[in-house]
Amino acid sequence: MRRWLLLVLLIPLALGLWRLRGDGYGSGAFLGYVEGELLYIGPVEGERLARLDVAAGRAVTEGEPLFSMATPVLDRQRAEAAARLAQMQAQLENLRASMNRPQQIAVLQAAVERARASLALSSAEYERKRILTSHGNAPKSALDQAVMARDRDKAALAEAERQIEVARLPSRNQEIEAAQSAIVMARAQIEQLDTRIARQKVVAPAAGVVQDIFFRAGEMVVAGQPALSLLPPENRKVRFYVPQARLVEARLGARVAVECDGCEKGLSGRISFIAQREEYTPPVIFSDQERAKLVFKVEAQLEEKALLLPLGLPVQVRLSAESAAP
C-alpha cells in the first residue's frame with residue numbers, strides 16, 4: 001500500500017520535471033510563437049465599397065491599389081463646383097466689359113426665369129412634403145431636404161436678379177477684384193474635391209501580405225473602419241516568456257536565435273520589448289518556490305529570412321552571449 005502511495009506521489013513530480021525540461025527552459029531555450037502587427041486599412045470617408053482589387057493571402061507592393069470606394073456625392077459636388085467656376089469666369093468677363101450688351105442682359109434674364117421656375121418647383125415640393133409629414137406619411141428628413149431645396153432656390157433667384165442689376169451698372173475695379181478672388185476660391189474647392197475623390201482609391205501604404213478581407217464590393221464601409229488588414233514583413237515578431245531567474249540575460253537590441261520544426265537554420269531576431277511586470281503572480285504568500293513561477297514577456301523583431309515565418313508558428317528562442325545584460 002505504501003509503495004502504491006509513493007508511486008502516486010512520484011508520478012506528478014516526474015511529469016513536472018519532464019515538462020520543465022520540455023518547455024525549453026532547462027535546455028536554455030524559451031518557447032514562443034510568431035506574431036504580427038497588422039495594418040488595418042479603411043477609407044477616409046464612408047461610402048459603398050465599389051471595387052476590391054486584392055484577395056486574402058495576396059502579396060502587394062507599396063502603392064498598389066487595394067480597393068476603391070464609390071464617389072457619387074463627391075462627383076456631383078465637383079460637377080457643381082466646376083459649373084460655378086465657369087459661371088464666375090463668365091461674370092468676370094462681363095465685369096471687364098465697359099458696357100454690357102443687350103444680348104448679355106437677355107442671357108441673365110433667362111437665368112432669372114430659370115431660377116424662378118426652380119423656386120416654384122421646390123416650393124411645391126415643400127408644400128407636398130409638409131402635408132405628408134403632418135399626416136405621418138413622410139419622414140422628417142424628407143421635409144428638411146425640401147426646406148433646404150426651397151431656400152437654395154430662393155437664394156439662386158436673388159443672385160440672378162442681382163446679376164442683372166450689376167450688369168446694367170458700369171464695372172468697377174473692386175468688383176473685378178472680388179470676382180477674381182471668387183474664381184480662386186472656386187478653383188481651390190475643385191482641387192479639394194479632386195483630392196477627396198482620389199483618396200477614395202486606397203493603395204497599400206507598404207509592401208506586405210493581405211491577411212483578412214472584412215468587406216466585399218457593394219457593402220457600406222464607415223469612415224475609419226478597416227476594410228482589410230495588411231501585414232508588412234518587417235512587422236513580424238516572436239513572443240516568448242522568460243523566467244524571472246533568467247531575465248537578467250535579456251536586454252533590448254540583443255540578437256536571439258529562432259528555431260522551429262522544419263525551418264532552415266540561422267533564423268534570428270533582435271529583442272525589441274521586455275515587459276516591466278510579471279505575467280503571473282502566485283496567489284499565495286511569496287516564497288522562493290513560488291518565485292520560480294514568475295515569467296516576463298519578451299518580444300523580438302524578426303530579421304531577414306525569419307520574416308517569412310507564418311503567424312502563430314511555435315518557435316524556440318535562444319539568447320545569445322551578447323544578449324546578457326551587464
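The values are calculated or read from the model by the stated rules, or taken from the named source; none is laboratory data. Just so it is clear, the model here is predicted, and its values are computed rather than measured. Quick reminder, even Gly has a Cβ in these numbers, built from the backbone with ideal geometry, and neighbours come from all protein chains shown. Quick note on the areas: whole protein, heavy atoms, side chains included, nothing else; ligands and nucleic acids left out. Shrake-Rupley method; radii C 1.70, N 1.55, O 1.52, S 1.80 Å.
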Notebook entry, point to check: Using beta carbons and a limit of 9 Å, which pairs, at least six apart or on different chains, have the first residue in segment 307-326 and under 18 Å from Gln244 (Cβ atoms) and open to solvent by less than 70 Å² (accessible area, probe 1.4 Å) and the second one part of a loop (DSSP other than H, G, I, E, B) and modelled with pLDDT under 70?
Noted result: Val317/Gly24
Note to self: If I filter segment 182-192 for residues that are open to solvent by less than 60 Å² (accessible area, probe 1.4 Å) and of a type in the set (D, E, K, R), do I get at least one hit?
What the structure shows: no
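For (1) closer than 16 Å to Glu299 by Cβ; (2) touching a helix residue (DSSP H, G or I) at 6+ places or on another chain (Cβ under 8 Å), each residue gets a yes or a no:
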| residue | (1), (2) |
| --- | --- |
| Ala223 | no, no |
| Leu231 | yes, no |
| Glu234 | yes, yes |
| Phe240 | yes, no |
| Gln244 | no, yes |
| Ala250 | yes, yes |
| Cys260 | no, no |
| Glu264 | no, yes |
Next item on the list: Check Ala117, Ala158, Ala81, Ala124 and return the single one that is at pLDDT 85 or above, closer than 30 Å to Ala198 by Cα, in a helix (DSSP H, G or I) and open to solvent by less than 80 Å² (accessible area, probe 1.4 Å).
Entry: Ala81
Next item on the list: State whether the residues of segment 92-106 include one that is under 29 Å from Arg196 (Cβ atoms), more than 33 Å from the chain's Cα centre (by Cα), part of a helix (DSSP H, G or I) and not aromatic (Phe, Trp, Tyr).
Entry: yes
Note to self: Just the residues that are modelled with pLDDT of 90 or more and open to solvent by 50 Å² or more (accessible area, probe 1.4 Å), please, taken from segment 221-240.
What the structure shows: Val222, Gln225
Checklist line | Selection within segment 258-279 - open to solvent by 40 Å² or more (accessible area, probe 1.4 Å), among the hydrophobic types (A, V, I, L, M, F, W, C) and in contact (Cβ under 8 Å) with a residue 40 or more places away in the chain | finding: none
Notebook entry, point to check: Of these, Gln145, Gln89, which one is closer than 30 Å to Glu219 by Cβ, open to solvent by 40 Å² or more (accessible area, probe 1.4 Å) and part of a helix (DSSP H, G or I)?
Noted result: Gln145
Margin query: Looking at segment 64-78 only, could you name the residues that are open to solvent by less than 60 Å² (accessible area, probe 1.4 Å) and part of a helix (DSSP H, G or I)?
Written below: Pro72, Leu74
Margin query: For segment 105-142, which positions are within 28 Å of Ala83 (Cβ to Cβ) and either small (Gly, Ala, Ser) or touching a Phe, Trp or Tyr at 6+ places or on another chain (Cβ under 8 Å) (or both)?
Written below: Ala106, Ala110, Ala111, Ala115, Ala117, Ser118, Ala120, Ser122, Ser123, Ala124, Ser141, Ala142
Note to self: Take the conditions assigned to a helix (DSSP H, G or I) and over 18 Å from Leu74 (Cβ atoms) and apply them to Ala198. Does it pass?
What the structure shows: no
Item checked: Close pairs (6 angstrom Cβ cut-off, 6 or more residues apart or separate chains): farther than 16 Å from Asp151 by Cα in segment 122-137, of a type outside the set (Gly, Ala, Ser) anywhere -> Thr133/Leu143
Check: Taking segment 24-63 on its own, how many of its residues are of a type in the set (Val, Ile, Thr), open to solvent by 40 Å² or more (accessible area, probe 1.4 Å) and within 17 Å of the chain's Cα centre (by Cα)?
Finding: 1
